[in-house]
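Scroll down for the structure; my scribbles are underneath it.
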Amino acid sequence: MKARYFLIAAALLTGMTAMAQETYENAKIASEDLNGTARYVGMGGALDALGADISTMSTNPAGIGLFKHPVVSGSFGFVSQQDAEKSSFVDGTNVSFDQLGFVYVNQTRSNSFFNVGFNYHKSRNFDYILSAANQLENASQNKLTYQKGAENLLYGSNGNPMLSCNQLDDIYVNHLFNASGEVAEDGSPVYYYYPATDFTFNRGHKGYVGEYDFNFSGNIHDRIFLGVTVGIHDVHYKHYGEYREQLEGNPEGITSLTVADERKITGAGVDIKAGVIIRPVETSPFRIGLSVATPTWYDLKTSNYTEVYDNSGYSFPTYESYKFRMNTPWKFGLSLGHTIGNMIAIGAGVDYADYSYLDSRVNDGGYYDTYWDEYYSSSSSDKNMNEHTERTLKGVATVKLGVEVKPIPELAFRLGYNTSSPMYDKDGQKDGTIQSNGSYYSSATDFTNWKATNRITAGLGYTAGKMSFDLAYQYASTSGEFYPFQSYVLEPGSPENNVAKMTKVENKRHQLLLTLGYHF
């Protein structure tokens, strides 16, 4: 379709200087998987009050205080995505190195210990192939750009704030909307948009967040256990995807448009975790655990290379890179643990973090300290993007249940269940109109509102002298609602509305994990 919006390019191409990230990209970095030692995974992560497992270093640091002997362990295995489409960028099945750590035990007096530990574990595995396809009715990605420009003309003329644009808007306005070079009688360009009939989408994600934890913990007469962990988070995220629309007939003969997008996010963050485990009754092994984790304060860099090309192969590339900061929300944990003789251990727990408080931050300068010869950078909250995050993300409760049975001291069987409530509001969407560089530097318009995640786990362990061998299996499943771009409604029933149909997607993963340990 065509129309004469003579100022559409100027109305869209408004620059910004602040730099922050977008809600849906931030949520990928902030969320975590169930991962660690095979014993921890096999019991669904329900060891926060039972303790004496290296993986509790990152969930309830007091759990390390229950160790009575030094230990070292390492974990690795396979992660496989069920029903994954074939991708040249990432495989559906991958080898994963998941954990390596040790605990040094120092007995200070009878039944009292001061322990020191270190553990690396992969807190987030990004390997995933996302595929979706659906029909489009009088809608398209480039039509969204057109509508934003048209509304900016109206808004601007009334003195209202302009809607933001992104990199794809720049490409569409500069290279596609006036593809024929047609001009009006007064010499002004005539701009077009191109409705689509359907779309296909394929993207491969890969990478990880590695967490390096340094722990100090104490055991006071086997009744009170205290611990503190300082964690360093190392982010390596990358994706490559192609979004293709088949277009309705048009005079220019453009039958399809493809957006090829590659993005990288790297950087690091730090957090502090503290915990306590108490045995309220001296004669009972029943214990209660409490934990708290500060936000992870991230300093990150994102870069992308994005290209739009049509059926003739004519392409329009763009590249951007910038640094930003992000703070995850506080996290709180409550857990219970009980043992029956030396045969049965039962654990339960719940963690809670409110992701609507995820803080996108702008690098807005700094100062140089001549005395210490140091440069200190500063940042401030991106108010506009954080308001969007508050509307889009929710508090997440993760429930963990697990049991371990030892028919003989050397052999253990484990079962676990772990479930996390949805992080995304069902009506949330990636809003490309927000006045924020999180919007401007976005090179993709798609988003998925993932629902609850359910994990079923099982495992077994065998001890031979000072060596331990633990094996775990995890099945994790979640479904989501995928949209190729945000819906844009001018008024109900208007042919100028741009509404994308929802497409159901799933993420079902199988993990097989082996941990080798040595107890000194």
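The values are calculated or read from the model by the stated rules, or taken from the named source; none is laboratory data. What you see is a predicted model, and the numbers here were worked out from it, not measured in a lab. In this analysis, Cβ positions are derived from the backbone assuming ideal geometry, glycine residues included, and neighbour counts consider all displayed protein chains. Heads up: the accessible areas ignore ligands, DNA and RNA and are worked out on the full protein's heavy atoms, side chains in. Shrake-Rupley method; radii C 1.70, N 1.55, O 1.52, S 1.80 Å.
Looking only at the stretch 386-426, count how many residues are assigned to a loop (DSSP other than H, G, I, E, B) and among the basic types (K, R). Explain how you work it out, then say what you get.
Step one: list which residues in the stretch 386-426 are assigned to a loop (DSSP other than H, G, I, E, B), which gives 394, 409-410, 421-423, 425-426.
Restricting the remaining residues to those that are among the basic types (K, R) gives 394, 426.
Count: 2.
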Just to be sure before I move on: is Y376 open to solvent by 30 Å² or more (accessible area, probe 1.4 Å), modelled with pLDDT under 95, assigned to a strand (DSSP E or B) and touching a Phe, Trp or Tyr at 6+ places or on another chain (Cβ under 9 Å) in the structure I sent? yes
Out of all the residues in the stretch 427-443, which are more than 15 Å from A27 (Cα to Cα), open to solvent by 20 Å² or more (accessible area, probe 1.4 Å) and part of a loop (DSSP other than H, G, I, E, B)? D427, T433, Q435, Y441
For the stretch 292-308, enumerate the residues that are open to solvent by 20 Å² or more (accessible area, probe 1.4 Å), assigned to a strand (DSSP E or B) and not basic (K, R). V292, W297, D299, S303, Y305, E307
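Can you confirm whether F201 is part of a strand (DSSP E or B) and open to solvent by 10 Å² or more (accessible area, probe 1.4 Å)?
Values: part of a strand (DSSP E or B): yes; open to solvent by 10 Å² or more (accessible area, probe 1.4 Å): no.
Criteria not met by F201.
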Quick one: Y352 ticks every box in (1) assigned to a strand (DSSP E or B); (2) at pLDDT below 90 bar one, so which box is it? (2)
Output yes when any residue across the stretch 370-382 is within 30 Å of K143 (Cα to Cα) and under 17 Å from the mean Cα position of the chain (by Cα), and no when none is. no
What are the residues in the stretch 470-493 that are closer than 23 Å to K148 by Cβ, in contact with a helix residue (DSSP H, G or I) (Cβ under 8 Å, 6 or more places away or on another chain) and part of a strand (DSSP E or B), if any? Y488
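Identify the residue in the stretch 25-45 that is among the aliphatic types (A, V, I, L, M) and assigned to a loop (DSSP other than H, G, I, E, B) and, among all such residues, is surrounded by the fewest Cβ atoms within 10 Å (Cβ to Cβ). Full working, then the answer.
To start, the set of residues in the stretch 25-45 that are among the aliphatic types (A, V, I, L, M) comprises 27, 29-30, 34, 38, 41, 43.
Those still in the list that are assigned to a loop (DSSP other than H, G, I, E, B) too: 34, 43.
Details: L34: 21, M43: 31.
Once the filter is applied, the top-ranked residue is L34.
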Could you run through the stretch 310-330 and say how many residues are of a type outside the set (A, V, I, L, M, F, W, C) and open to solvent by 60 Å² or more (accessible area, probe 1.4 Å)? 6
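Results for (1) open to solvent by 70 Å² or more (accessible area, probe 1.4 Å); (2) more than 27 Å from the chain's Cα centre (by Cα), shown as yes or no for each residue.
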{"site": "Y212", "(1), (2)": "yes, no"}
{"site": "S217", "(1), (2)": "no, yes"}
{"site": "F225", "(1), (2)": "no, yes"}
{"site": "Y237", "(1), (2)": "no, no"}
Working carefully through the options D48, D83, D53, find the one that is touching a residue at least 40 places away in the same chain (Cβ under 8 Å), of a type outside the set (G, A, S) and either buried (at least 18 other Cβ atoms within 10 Å of the Cβ) or within 28 Å of E410 (Cα to Cα) (or both). D48
Flagged in the stretch 281-291 as farther than 25 Å from Y355 by Cβ, open to solvent by less than 40 Å² (accessible area, probe 1.4 Å) and part of a strand (DSSP E or B), in numbering order, are R287
In the stretch 86-112, what residues are open to solvent by less than 20 Å² (accessible area, probe 1.4 Å) and not β-branched (V, I, T)? S96, D98, Q99, G101, S112
Those residues that are within 30 Å of Y194 (Cβ to Cβ) and open to solvent by 60 Å² or more (accessible area, probe 1.4 Å), I need them from the stretch 470-494; list them, please. V489, L490, E491, P492, G493
Any chance you could count how many residues in the stretch 331-349 are open to solvent by 60 Å² or more (accessible area, probe 1.4 Å), in contact (Cβ under 8 Å) with a residue 60 or more places away in the chain and either among the charged types (D, E, K, R) or more than 20 Å from V399 (Cβ to Cβ) (or both)? 2
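Open to solvent by 10 Å² or more (accessible area, probe 1.4 Å), under 22 Å from the mean Cα position of the chain (by Cα) and modelled with pLDDT under 95: is that true of M19 in this structure? If you could, list the steps in order and put the result at the bottom.
On the way: open to solvent by 10 Å² or more (accessible area, probe 1.4 Å): yes; under 22 Å from the mean Cα position of the chain (by Cα): yes; modelled with pLDDT under 95: yes.
For M19, the condition - open to solvent by 10 Å² or more (accessible area, probe 1.4 Å), under 22 Å from the mean Cα position of the chain (by Cα) and modelled with pLDDT under 95 - is met.
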If we scan the stretch 258-280, do we find a residue that is surrounded by 16 or more Cβ atoms within 10 Å (Cβ to Cβ), part of a loop (DSSP other than H, G, I, E, B) and of a type outside the set (D, E, K, R)? no
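Check whether at least one residue in the stretch 176-191 is assigned to a strand (DSSP E or B), open to solvent by less than 70 Å² (accessible area, probe 1.4 Å) and in contact (Cβ under 8 Å) with a residue 12 or more places away in the chain, and report yes or no. First the steps, then the outcome.
Quick first cut of the stretch 176-191, residues assigned to a strand (DSSP E or B) only: 183, 189, 191.
Next cut, open to solvent by less than 70 Å² (accessible area, probe 1.4 Å) only: 189, 191.
Now narrow it down to the ones that are in contact (Cβ under 8 Å) with a residue 12 or more places away in the chain: 189, 191.
Yes, the stretch 176-191 contains a residue that is assigned to a strand (DSSP E or B), open to solvent by less than 70 Å² (accessible area, probe 1.4 Å) and in contact (Cβ under 8 Å) with a residue 12 or more places away in the chain.
Filter the stretch 355-366 down to the residues that are assigned to a strand (DSSP E or B) and open to solvent by less than 20 Å² (accessible area, probe 1.4 Å), then identify the one that is modelled with the lowest pLDDT.
So the first thing to find is which residues in the stretch 355-366 are assigned to a strand (DSSP E or B), and the list is 359-366.
Cutting the leftovers down to open to solvent by less than 20 Å² (accessible area, probe 1.4 Å) gives us 360, 362.
Details: S360: 93, V362: 87.
Among those that are assigned to a strand (DSSP E or B) and open to solvent by less than 20 Å² (accessible area, probe 1.4 Å), it is V362.
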I'd like the residue in the stretch 160-188 that is among the polar types (S, T, N, Q) and modelled with pLDDT under 80 and, out of all such residues, is farthest from T445 (Cα to Cα). S188
Taking the stretch 495-510, which residues are in a loop (DSSP other than H, G, I, E, B) and either out of contact with any Pro (no Cβ under 8 Å at 6 or more places or on another chain) or open to solvent by 60 Å² or more (accessible area, probe 1.4 Å) (or both)? P495, E496, N497, V499, K501, M502
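Yes or no: the stretch 460-469 includes at least one residue that is more than 22 Å from G74 (Cβ to Cβ), in a strand (DSSP E or B) and open to solvent by 70 Å² or more (accessible area, probe 1.4 Å). Outline the logic, then answer.
The initial filter retains those residues of the stretch 460-469 that are more than 22 Å from G74 (Cβ to Cβ), namely none.
Taking every residue of the stretch 460-469 in turn, none turns out to be more than 22 Å from G74 (Cβ to Cβ), in a strand (DSSP E or B) and open to solvent by 70 Å² or more (accessible area, probe 1.4 Å).
Can you find a residue that is within 30 Å of S321 (Cα to Cα), in contact (Cβ under 8 Å) with a residue 60 or more places away in the chain and small (G, A, S) anywhere in the stretch 444-452?
Quick first cut of the stretch 444-452, residues within 30 Å of S321 (Cα to Cα) only: 444-450.
From what is left, the residues that are in contact (Cβ under 8 Å) with a residue 60 or more places away in the chain are 444-448.
Adding the requirement that they be small (G, A, S) leaves 444.
Yes: one or more hits.
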